[in-house]
Every structure is written in C-alpha cells, then in structure tokens.
Amino acid sequence: MSSKMEVLALELLSLPASTRGELALRLIHSLDETETHEVDNRLLEEIERRDAEIKSGKATCIPAEEVFRELREEVG
C-alpha cells in the first residue's frame, strides 16, 4: 500500500463506525455502477439483437401462456 493510501486509511479508520460504514457503502456502490453500466450495455445489445431477429422473421415468438404452461408441466 502506498504511503498516501496508508495515511488516508489511518485517517478514515479514525472516523466513527457509522461514518466508515456509509463510506464503505458508497465505495462499493461506485464499483457496482461500473459493472452495472457494462451489464446494462450488454443487455441492451442483446435486446436489440433479439428484436432484429424477431422483426426479420429469423426468430419466432411463443405466447407467454404457452411457455408458462410448458414450464408447469415440466416442474410437475
């Protein structure tokens, strides 16, 4: 750990537990935002790909009622 990081860590560890907890959550959420953004982009690409397949006739849709009925039959 760099000396700057060590000094910062020592300072932060001196904060009250509730403040450290709030800071920890904010740091974790900042990491999740990057991942969430990447996942959102991949999901959007997949949605656009599937939409194009449906519109072109390459893929066909199955009514939800039929899908759920088949799943209920498989589960028993």
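Here, each number is a calculation from the coordinates, and none is a lab measurement. Keep in mind that this is a model prediction, so the values were computed, not measured. Ideal geometry is used to build each Cβ from the backbone, glycine not excepted, and the neighbour counts take in all protein chains shown.
Among the candidates Ile62, Ile54, Ile28, the residue that is assigned to a loop (DSSP other than H, G, I, E, B) and hydrophobic (A, V, I, L, M, F, W, C) is uniquely Ile62. Evaluated against (1) surrounded by fewer than 10 Cβ atoms within 10 Å (Cβ to Cβ); (2) among the β-branched types (Val, Ile, Thr); (3) assigned to a helix (DSSP H, G or I), Thr19 falls short on exactly one condition, (1). Could you please let me know if Arg69 is of a type outside the set (Gly, Ala, Ser) and surrounded by 10 or more Cβ atoms within 10 Å (Cβ to Cβ)? Here the answer is yes, as Arg69 does meet what is asked.
Of these, Thr36, Thr60, which one is of a type outside the set (Lys, Arg) and exposed (fewer than 10 other Cβ atoms within 10 Å of the Cβ)? Spell out how you get there, then give the answer.
Details: Thr36 fails: exposed (fewer than 10 other Cβ atoms within 10 Å of the Cβ).
Step by step, each of Thr36, Thr60 is checked, and only Thr60 is of a type outside the set (Lys, Arg) and exposed (fewer than 10 other Cβ atoms within 10 Å of the Cβ).
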